[in-house]
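Peer 1: Pasting a structure here, questions to come.
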Amino acid sequence: MDVINELEAKGESDAFIDFQECLSRVAPIERPVLVLGERGTGKELAAKRLHFLSKRWDAQLITVNCAALTPSLLESELFGHEAGAFTGAARMRVGRFEAASGGTLFLDELGNVPLEVQEKILRAVEYGEFERVGSSKPVRVDVRLIAATNADLPKLAKEGKFKADLLDRLSFEVLHLPPLRERRGDIELLVNLFAARMTQELGWEDVPGFTDDAWAKLESYAWPGNIRELKNTIERSVYRSEGGAIDEITFDPFARSNDSEVVFSNTADQSKPLEDRLSKDIEFSEVGFDLRAAVADLEKRAVLEALERCRHNQAAAARFLGLGYHQFRGVYRKYQEDFD
């Protein structure tokens with residue numbers, strides 16, 4: 001049962017709770033279920049939950065990604081084949097329908113299944129039997145079918161690209177997974193869960209916080225990739241933060257990072273270059289020069305200047321000074337009493 005406790009399946013919004021209630025209601029019913037949803041919404045997780053809440057929870061759950069196989073291979077994968085059925089078929093092979101007998105078969109990306117294979121799926125669902133490729137002997141199975149797609153199946157059926165009879169048979173219950181843009185109330189919950197898990201994976205003690213600007217970006221973004229995209233974005237942001245506060249959110253992983261995107265505060269005097277305002281004449285006395293004190297003074301003034309420019313975002317200040325976050329924190333802690 002721990003399979004259904006994935007972080008991606010968490011949510012408190014009305015849209016998500018309504019979906020889970022519908023799922024829980026149909027799970028014990030021995031009928032096919034069709035799960036519709038955009039990419040990244042968690043259709044496979046929904047299928048797992050349907051299985052583990054059903055009477056077949058202790059039997060096999062077999063998953064087939066129909067988009068990953070050619071039409072000829074898909075038929076053999078689903079229904080098996082006899083020895084000699086085609087070139088390379090040296091021995092009999094049991095298909096996924098047969099392997100899932102007594103349990104659940106989940107067909108992902110159902111909209112990619114060709115018509116000739118749809119016909120055999122319909123017979124297997126309707127009558128509980130099929131023939132292996134290269135055989136005319138029927139094989140009896142007891143399978144609960146769950147299918148998922150992001151395709152418009154009614155439209156495909158009207159265009160003759162999907163069998164209307166199969167669509168009718170599979171749609172005893174149709175579950176519509178809400179996209180993340182309809183689950184705005186879940187974004188904060190999911191962000192915190194993904195950030196905590198990534199922090200643990202990195203071996204850090206403290207979970208990096210998100211600035212107000214970062215939260216505004218996360219909550220206003222459309223999330224076309226839904227939960228999967230949110231998960232990748234948060235994990236990437238935590239990793240790149242080096243343990244500091246997260247201000248910059250990169251939605252496009254192919255975009256080049258640019259430190260110039262840091263917005264500096266106007267509280268510092270921008271009329272002079274930083275190096276000019278940090279410079280200080282070295283004054284040698286008759287007894288010598290205190291190098292350590294001069295270095296400490298330079299470090300303190302550089303940290304203060306960087307914090308002012310970066311609006312006290314320590315991760316950004318570290319980048320500004322060419323330091324790693326933990327290096328910056330080490331320097332900051334040395335003089336923290338002077339900064340307070």
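The values are calculated or read from the model by the stated rules, or taken from the named source; none is laboratory data. Quick caveat: nothing in here was measured; it's all calculated off a predicted structure. Quick reminder, even Gly has a Cβ in these numbers, built from the backbone with ideal geometry, and neighbours come from all protein chains shown.
Peer 1: Quick one: Ala216 ticks every box in (1) over 30 Å from Lys43 (Cβ atoms); (2) among the aliphatic types (A, V, I, L, M); (3) surrounded by fewer than 16 Cβ atoms within 10 Å (Cβ to Cβ); (4) modelled with pLDDT of 80 or more except a single one, so which number is it?
Peer 2: Failed condition: (1).
Peer 1: Which count do you get for residues in the stretch 305-330 that are part of a helix (DSSP H, G or I) and under 36 Å from the mean Cα position of the chain (by Cα)?
Peer 2: Residues flagged as part of a helix (DSSP H, G or I) and under 36 Å from the mean Cα position of the chain (by Cα) within the stretch 305-330 amount to 17.
Peer 1: Quickly run through the stretch 24-49 and pick out the residues that are farther than 18 Å from Arg169 by Cα and assigned to a helix (DSSP H, G or I).
Peer 2: Hits for the stretch 24-49 are Ser24, Arg25, Lys43, Glu44, Leu45, Ala46, Lys48, Arg49.
Peer 1: Which of the residues belonging to the stretch 109-133 are in contact with a helix residue (DSSP H, G or I) (Cβ under 6 Å, 6 or more places away or on another chain) and not in a helix (DSSP H, G or I)?
Peer 2: Hits for the stretch 109-133 are Glu109, Val113, Pro114, Phe130, Arg132, Val133.
Peer 1: How many residues are crowded, with 17+ Cβ neighbours inside 10 Å and farther than 27 Å from Ala151 by Cβ when one looks only at the stretch 167-192?
Peer 2: Looking only at that region, the number is 1.
Peer 1: Please determine whether any residue of the stretch 101-109 is buried (at least 20 other Cβ atoms within 10 Å of the Cβ) and farther than 22 Å from Val33 by Cβ.
Peer 2: There is no residue in the stretch 101-109 that is buried (at least 20 other Cβ atoms within 10 Å of the Cβ) and farther than 22 Å from Val33 by Cβ.
Peer 1: Please work out which residue is modelled with the highest pLDDT, limiting yourself to the stretch 11-23 and to residues that are crowded, with 16+ Cβ neighbours inside 10 Å and assigned to a loop (DSSP other than H, G, I, E, B).
Peer 2: Restricting to residues being crowded, with 16+ Cβ neighbours inside 10 Å and assigned to a loop (DSSP other than H, G, I, E, B), the top hit is Ser13.
One line per residue, one yes/no per condition, for (1) more than 19 Å from Gly209 (Cβ to Cβ); (2) modelled with pLDDT under 60; (3) not in a loop (DSSP other than H, G, I, E, B):
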position	(1), (2), (3)
Gly243	no, no, no
Ala255	yes, no, no
Asn266	yes, yes, no
Ser271	yes, yes, no
Glu275	yes, yes, yes
Val303	yes, no, yes
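Peer 1: With respect to Asn192, is the statement that it is under 30 Å from Ile29 (Cβ atoms) and polar (S, T, N, Q) true?
Peer 2: No, not satisfied.
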